[in-house]
Amino acid sequence: MATKTTSATGNSCGGFTLIELGVVVLILGLLLAIAGPNAARSYRDAVVAEAARNFATTCRYARLQAVTQQRPATLFVNLDQQRFWLMQPRLVDGEPTEQMLRLVQLSSRVTLLKAETPDATNSDPRQAVIQFYPNGTCAAATVTLAGTDKNNVAVSLDPVTGKPETYGVK
């Protein structure tokens, strides 16, 4: 409650008592102590979810490119470099070349844990190769990403529709 005092000159001035200010500081400290850890955890979860959405968006883009260009698109996932990139063959001056359509380097707060392709034709276990075909299908794959709190998120590709699905993993 604000108090009103009168100065020696007769002017009235208002203010709060030291006890009232102390109570407000105590309440703010308790709120911060309760909400702080939850806010930090929510931020770390959001970083992993954003990386999973980015991967799913790249998969959708790969499917779109394969269908619209009527050429297969290849998504590479490298666990050692913590990145994934999308390539598609193009004709440049009549010569076939591979064009990089997208390159994504993951944040240091997110780790690519594993990339599983059941019909793995690649001999390198630390790199997965996912094909997207002109008819809208793709190779089956599941990519798992982890945050600093072991909050894992997986992105699974449906081989029939070529669409990604994101879900949490314990």
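The values are calculated or read from the model by the stated rules, or taken from the named source; none is laboratory data. This one's a predicted model, so the numbers in the text were calculated from it and none came from an experiment. Positions of Cβ are backbone-derived with ideal geometry, glycine not excepted, and every protein chain shown enters the neighbour counts. SASA here: full protein model, heavy atoms, side chains in, ligands and nucleic acids out. Shrake-Rupley method; radii C 1.70, N 1.55, O 1.52, S 1.80 Å.
So that you can scan it fast, the table gives a plain yes or no per residue for (1) surrounded by 10 or more Cβ atoms within 10 Å (Cβ to Cβ); (2) assigned to a helix (DSSP H, G or I); (3) out of contact with any Ser or Thr (no Cβ under 9 Å at 6 or more places or on another chain):
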site	(1), (2), (3)
Leu21	yes, yes, yes
Asn38	no, yes, yes
Ala46	yes, yes, yes
Ala49	yes, yes, no
Thr57	yes, yes, yes
Qualifying residues in segment 59-73 (those that are assigned to a helix (DSSP H, G or I) and of a type in the set (A, V, I, L, M)) - the one most open to solvent (accessible area, probe 1.4 Å) | Leu64
Residue pairs qualifying under the 8 Å Cβ cut-off, at least six apart or on distinct chains, with the first in segment 77-103 being in contact (Cβ under 8 Å) with a residue 24 or more places away in the chain and the second being surrounded by fewer than 17 Cβ atoms within 10 Å (Cβ to Cβ) and of a type in the set (Gly, Ala, Ser), are none
Kindly provide the set of residues from segment 127-146 that are open to solvent by 10 Å² or more (accessible area, probe 1.4 Å), in contact (Cβ under 8 Å) with a residue 40 or more places away in the chain and in a loop (DSSP other than H, G, I, E, B), ordered by number.
-> Tyr133, Pro134, Asn135
Among the candidates Asp124, Asp149, residue that is over 18 Å from Tyr61 (Cβ atoms), among the acidic types (Asp, Glu), without any contact (Cβ under 8 Å) to a residue 60 or more places away in the chain and not in a strand (DSSP E or B) | Asp124
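Please go through segment 148-165 and give me each residue that is at positive phi and crowded, with 17+ Cβ neighbours inside 10 Å, ordered by number. Break it down stepwise before answering.
Applying the first criterion (at positive phi) to segment 148-165 yields 150, 162.
Scanning segment 148-165 gives a single hit, Gly162.
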Taking segment 74-110 and keeping residues assigned to a strand (DSSP E or B), open to solvent by 60 Å² or more (accessible area, probe 1.4 Å) and modelled with pLDDT under 90 leaves Leu91, Val92, Glu95, Pro96
By residue number, the members of segment 135-164 that are over 17 Å from Ala52 (Cα atoms) and either out of contact with any Ser or Thr (no Cβ under 9 Å at 6 or more places or on another chain) or polar (S, T, N, Q) (or both) are Asn135, Thr137, Thr161
Scan segment 33-63 residue by residue and report those that are touching a strand residue (DSSP E or B) at 6+ places or on another chain (Cβ under 9 Å) and free of Cβ contacts under 8 Å to residues at least 24 places away in the same chain.
-> Thr57
